[in-house]
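Step one of this worksheet: look at the structure below.
The values are calculated or read from the model by the stated rules, or taken from the named source; none is laboratory data. As the structure is a computational prediction, the values presented were derived from the model and not from experiment. All Cβ positions, even for glycine, are placed from backbone atoms using ideal geometry, and neighbour counts span all protein chains on display. In case anyone asks, the SASA skips ligands and DNA or RNA and just uses the protein heavy atoms, side chains included. Shrake-Rupley method; radii C 1.70, N 1.55, O 1.52, S 1.80 Å.
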Amino acid sequence: MKTTTALRVLGVGLVLPLGLLGAGTPAQAATAVPVGAFGEAYGLSIDTTILQGNVPVKVGPLAPAASSCPPVGGTKTAQLLGGGDAQVAKAAVLNTSATADCGGKKALSTAQVTNVDALGLAAPIKIHADAITSSAGIGCATPPAGSTVVTNLTVGGTVVPLPTTIPPNTDLLPQVFGPLGLRIILNEQHPAA
């Protein structure tokens, strides 16, 4: 089972508990997936195309952190002061962490970015947030859980009111971005087995 919790473009966490299927016989045990967990996070990533798919745009992933068990798990972190592309998306500070708990068979990933700007070339729809924090967690005995918190979001200089906790797969202002061929998803999640 795996779950991805992402604030597409601006933050992501990925966690994956390994070995959810138990082995019934010694022969099966020899080929079973090792019991463990995997966590991954990054602070900024863009991988898309513009102008009807003719121009690729790629930034990051920046400040990646990953932890897995086997072999040893634990917490891994990454920090970056200033990253991205001012014309596409950038952030002033990116902090990420990924934890894999081998004994507890669970993983937790977090990403926090501050002073985030996106679509800098398009002033009428330029996006700014003071801070964005995303997290995702999963365990063999617990369902996947993720959250995203966005502080002081503006689009084109206008404040966009958001709930304290962003629901999964929130499509940000489709009436503004849709006609431009853009889709911005907050707290993007893709649970999969």
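Results for (1) within 17 Å of the chain's Cα centre (by Cα); (2) within 30 Å of ALA37 (Cα to Cα), shown as yes or no for each residue.
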site: ALA65; (1), (2): yes, yes
site: CYS69; (1), (2): no, yes
site: ALA78; (1), (2): yes, yes
site: LYS90; (1), (2): yes, no
site: ALA100; (1), (2): yes, yes
site: GLY103; (1), (2): no, yes
site: ASP117; (1), (2): yes, no
site: HIS128; (1), (2): no, no
statement: Scanning region 80-129 for residues that are at pLDDT 85 or above and either touching a Pro at 6+ places or on another chain (Cβ under 6 Å) or on the phi > 0 side of the Ramachandran plot (or both) gives GLY82, GLY84, LYS105, ASN115
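Looking at region 47-63, which of the residues that are open to solvent by 60 Å² or more (accessible area, probe 1.4 Å) and within 15 Å of the chain's Cα centre (by Cα) is modelled with the lowest pLDDT? Working first, answer last.
Of all residues in region 47-63, those open to solvent by 60 Å² or more (accessible area, probe 1.4 Å) come to 47-52, 54, 56, 58, 61.
Okay, now just the ones that are also within 15 Å of the chain's Cα centre (by Cα), so 47, 61.
Working: ASP47: 77, PRO61: 89.
The residue in question is ASP47.
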Restricting region 126-163 to residues that are under 19 Å from ASN187 (Cβ atoms) and part of a loop (DSSP other than H, G, I, E, B), the residue that is most open to solvent (accessible area, probe 1.4 Å): PRO161
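If you take the residues in region 92-125 that are part of a strand (DSSP E or B) and of a type in the set (Gly, Ala, Ser), which one is nearest to ILE184 (Cα to Cα)? Before the answer, list the steps.
Just the residues of region 92-125 that are part of a strand (DSSP E or B), to begin with: 92-101, 106-118.
Those left that are additionally of a type in the set (Gly, Ala, Ser): 92, 97-98, 100, 107, 109, 111, 118.
Working: ALA92: 20, SER97: 24, ALA98: 25, ALA100: 29, ALA107: 27, SER109: 21, ALA111: 18, ALA118: 11 Å.
Among them, the one singled out is ALA118.
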- line: Checked against (1) buried (at least 17 other Cβ atoms within 10 Å of the Cβ); (2) not in a loop (DSSP other than H, G, I, E, B), ILE166 satisfies every condition except (2)
message: Among the residues that make up region 14-34, is at least one of them open to solvent by less than 80 Å² (accessible area, probe 1.4 Å), within 30 Å of HIS128 (Cβ to Cβ) and at pLDDT below 85?
response: yes
- prompt: Across region 51-75, which residue is farthest from GLY137 (Cα to Cα) among those that are without any contact (Cβ under 8 Å) to a residue 24 or more places away in the chain and in a strand (DSSP E or B)?
  reply: VAL55
message: Looking at the structure I just gave you, is ALA123 loosely packed, with under 15 Cβ neighbours inside 10 Å and in contact with a Gly (Cβ under 9 Å, 6 or more places away or on another chain)?
response: yes
